[in-house]
Each structure stands twice: as C-alpha cells, then as structure tokens.
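The values are calculated or read from the model by the stated rules, or taken from the named source; none is laboratory data. For clarity, every value in this text was computed on a predicted model and none was experimentally measured. Methodologically, a virtual Cβ is constructed for each residue, glycine included, from the backbone with ideal geometry; neighbour enumeration extends over all protein chains shown. Surface accessibility is based on the protein's heavy atoms, side chains included, excluding ligands, DNA and RNA. Shrake-Rupley method; radii C 1.70, N 1.55, O 1.52, S 1.80 Å.
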Amino acid sequence: MKKIVVTGGAGYIGSHAVKLLLEKGFEVIVFDNLSRGYSDAVDVLKSYGKLGFVKGDMRNPDDIEALLNDRSIDAVMHFAALCLVNESMEQPELYFHNNTIGTYNLLEAMRKNDLKKLIFSSTCAVYGESQYLPVDELHPVQPMNPYGESKLLSEKMIRWYGDIHGFSYAILRYFNVCGASSDGCIGDSKRPSQLLMQNAVRGAMNIEPFYLTCPQVDTPDGTPVRDYIDVEDLVNAHAAALQYLDAGGLSDIFNLGNGTGYSVRQIVSKVGEVCGATIPMVKGETRKGEYASIYAQPEKANITLNWKTEKDLESSIRSLQKWYEGHPQGFAR
Ligand SMILES: NC(=O)c1ccc[n+]([C@@H]2O[C@H](COP(=O)([O-])OP(=O)(O)OC[C@H]3O[C@@H](n4cnc5c(N)ncnc54)[C@H](O)[C@@H]3O)[C@@H](O)[C@H]2O)c1
C-alpha cells in the first residue's frame with residue numbers, strides 16, 4: 001500500500017483529496033496545524049481507509065522533518081497554505097512566511113529524507129490580470145496580490161529543486177474551486193466561506209445573508225469573470241498527476257479549470273435558479289487585489305494527464321446544497 005502525505009488535509013480541498021486517495025487504496029497521513037482546517041473532517045474520513053493525522057506547522061522545520069523521516073512515504077501532496085487574497089493585501093508577511101517559507105521547509109525536509117515526488121497546489125492568481133483568454137500555462141505570470149506572489153515564489157523553488165536535486169513534481173494551478181463531496185460527508189466549513197458559489201448557496205438556503213464583495217470591473221455585467229472547477233474534478237486531477245509521475249512523466253505545470261468563464265452575477269443567478277430562491281444582492285465590503293477576467297485553457301492537463309472535468313455548475317451547486325443541508329454551519333472543529 002503506497003503512503004501519501006497530504007499537507008493541509010484537514011482543509012476544504014485537501015480533505016477531498018484525502019477521501020479520494022483513501023478510496024483508491026492509498027494510506028494517507030494528514031499534516032495540518034488546524035489554523036484553518038477541521039479535525040472533524042479527518043475524523044469522518046477515518047472510516048474510508050488507513051488514515052493518520054499529525055498536528056504540525058509548515059513554518060516549523062522540525063515538525064515537517066520529523067514527519068518525513070519515514071522511508072515508506074511515496075509522495076507529498078502539498079495543500080497547506082493561507083489562501084485569502086484580501087487578507088494577503090493587508091498582511092503580506094503572513095503569506096510569505098506561511099506559504100513560501102512553509103514550502104521551502106517542506107522541500108528541505110524532502111531533500112534531507114530523499115523523498116522526491118511532489119504535487120503542489122498553485123493558483124491562477126500567479127497570472128494576474130489576463131493578457132489573453134483562455135489563459136494557458138505559457139501566459140506571463142504577474143501576480144496582483146501577495147497570495148499569488150507567495151505561490152509563484154514557491155513554484156520557482158520547486159522548479160529549481162526539480163532541476164538540481166532531481167525532484168519530480170506537478171505544479172497544479174487551480175482556478176476557482178467549488179462544490180462538495182457528492183455523498184455530502186465533507187465540504188467547505190468556513191463561515192462565511194471566502195468562495196463565491198459556497199456563499200451564494202448559503203444565501204439561497206437562508207443560512208446567512210449573501211454579500212456581494214467583488215469590485216466593479218471592466219466585464220459585460222461589471223462583475224469579475226472566473227472559471228469554476230468542482231472540487232471532485234480537481235482532486236481527480238491530483239490522482240491523475242500522481243499516476244503520470246509514477247509512470248515517469250516529466251515534471252510540469254498544469255492549469256486546472258473548466259475552460260469557461262462566468263461572471264459573479266451569472267453564478268449567483270445560476271445558484272438562485274438551481275435552489276429555487278431569489279438571492280438578495282446586498283453590497284458588502286469590496287475585496288482588494290481582484291482583477292477583471294480569467295479562465296483556463298486546460299488542454300495540457302486534459303491531454304498529458306488524461307484528465308477532464310465531469311461536473312457542471314448545477315451538480316456543484318447541488319453537492320453544496322447537500323453538504324449544507326447536513327452541516328449548515330460546517331464542521332465545528
Ligand atoms: N479554494 C480555492 O478556490 C483555491 C484556488 C486556487 C488554489 N488553492 C490552493 O489550494 C490549497 C487548499 O486550499 P483550500 O481552499 O482547501 O484552503 P483551506 O484553508 O480550506 O485549507 C488549507 C489547510 O492548510 C492548513 N494550513 C495552513 N497553513 C498551515 C501551516 N503553516 N501548517 C500546517 N497546516 C497549515 C489549514 O489549517 C487548512 O486545513 C491552498 O494551497 C490554496 O492556495 C485554492
């Protein structure tokens with residue numbers, strides 16, 4: 001049984017990756033400081049397979065070195081990060097420390113323990129404002145916020161460790177992640193979520209009011225256009241990337257998106273339609289560090305990783321309804 005370390009495995013996306021890995025028969029060790037994650041998610045997932053949990057912090061090299069001092073680990077999936085654009089515009093130091101130095105600590109612990117297979121959660125925020133659409137992996141990178149910059153710096157370190165120390169890696173640049181587990185057992189527990197579709201569904205279900213927090217931008221309806229990818233499709237790409245690296249595939253960067261852009265207003269109206277509710281558009285405090293439009297050219301991942309998205313907006317919205325019906329306030333801890 002192959003053993004995979006999942007950093008940030010108690011968080012939203014990481015927990016979905018853990019579930020998939022367990023379902024595929026891997027042994028999984030979650031490493032998380034629970035600063036933004038939920039131990040309840042790990043507890044729920046224990047019934048899916050062989051799962052261990054280590055509470056530790058990416059900022060502490062000793063924590064991560066102790067974890068990786070285990071010859072039976074096959075690969076690391078590195079999700080642990082802070083990922084709020086707005087917060088990064090106010091406290092950039094948190095982002096460079098947690099995300100960039102955290103990734104450096106991981107790379108060093110991997111190098112010292114001769115562990116050389118890494119799947120890294122990056123983001124379309126590395127591109128900044130798009131110069132052409134759809135955005136492929138050759139698009140210039142010019143982050144417009146410290147969050148994107150912290151991830152770009154991490155990518156650069158990973159590429160140098162790959163070239164010089166022979167690491168094999170897949171850098172996965174996610175677009176906007178939405179949805180929850182189809183069986184309703186795990187989902188996004190943040191209150192409010194920082195993610196649009198989650199908040200719109202919570203608004204439609206009267207769990208909490210929905211606030212429009214996007215800036216006015218230069219798009220047909222004046223709200224930002226983004227590419228929404230379902231979390232189950234997203235984690236399938238991680239399994240595909242692992243298989244690709246195991247088969248000797250070359251280290252590379254892949255966009256993970258659907259290839260279609262939807263404005264904030266289009267998403268809110270689709271959520272209202274699927275949930276049969278009218279969602280009042282109350283204006284909240286405008287987020288900083290956002291830009292007008294971005295959506296992916298996902299062809300490279302489609303072809304090289306032999307992966308494609310399967311879920312449409314409606315199935316993501318329905319999975320969120322199911323999650324919030326069972327867990328209106330998400331996990332408690
Ligand atoms: N959610 C999105 O739409 C999106 C888009 C692009 C990229 N990403 C990336 O995907 C990854 C997961 O995002 P998410 O939405 O699941 O976020 P999340 O906040 O739900 O999960 C992140 C997890 O990492 C843990 N963590 C943070 N800092 C840590 C540290 N120093 N040590 C140990 N654990 C730590 C948190 O406790 C949390 O459990 C992140 O790397 C993020 O940058 C997310």
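One table, with the values for the structure above:
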{"item": "Every pair of residues 6+ apart whose Cβ atoms lie under 9 Å, when the first sits in the range 124-145 and is touching a residue at least 24 places away in the same chain (Cβ under 8 Å) while the second is of a type in the set (D, E, K, R) and in a loop (DSSP other than H, G, I, E, B)", "result": "CYS124/ASP227; PRO134/ASP227; VAL135/ASP227; MET144/GLU129; MET144/GLU290; ASN145/LYS288; ASN145/GLU290"}
{"item": "Residue ID - nearest to the ligand (Cβ to nearest atom), chosen from residues in the range 194-219 that are closer than 12 Å to MET281 by Cβ and surrounded by fewer than 16 Cβ atoms within 10 Å (Cβ to Cβ)", "result": "TYR211"}
{"item": "THR123 being among the hydroxyl-bearing types (Ser, Thr, Tyr), surrounded by 22 or more Cβ atoms within 10 Å (Cβ to Cβ) and farther than 19 Å from TYR295 by Cβ", "result": "no"}
{"item": "Selection from the range 155-171 of residues that are crowded, with 23+ Cβ neighbours inside 10 Å and more than 14 Å from the ligand (Cβ to nearest atom)", "result": "TYR169"}
{"item": "Single residue of the range 1-34 satisfying the filter (part of a loop (DSSP other than H, G, I, E, B) and of a type in the set (A, V, I, L, M, F, W, C)) that is farthest from the ligand (Cβ to nearest atom)", "result": "MET1"}
{"item": "Qualifying positions in the range 87-115 - surrounded by fewer than 18 Cβ atoms within 10 Å (Cβ to Cβ) and of a type in the set (S, T, N, Q)", "result": "GLN91, ASN113"}
{"item": "Those helices (runs of 4 or more DSSP H) lying entirely in the range 84-154 with at least 3 residues within 13 Å of the ligand (Cβ to nearest atom)", "result": "85-90, 102-112"}
{"item": "Number of positions in the range 16-54 that are of a type in the set (D, E, K, R) and free of Cβ contacts under 8 Å to residues at least 24 places away in the same chain", "result": "2"}
{"item": "Residues that are open to solvent by 50 Å² or more (accessible area, probe 1.4 Å), outside any helix (DSSP H, G or I) and within 13 Å of the ligand (Cβ to nearest atom), drawn from the range 35-83", "result": "SER35, ARG36, PHE53, VAL54, LYS55, ARG59, ASN60, CYS83"}
{"item": "Flag if GLN243 is at pLDDT 95 or above and among the polar types (S, T, N, Q)", "result": "yes"}
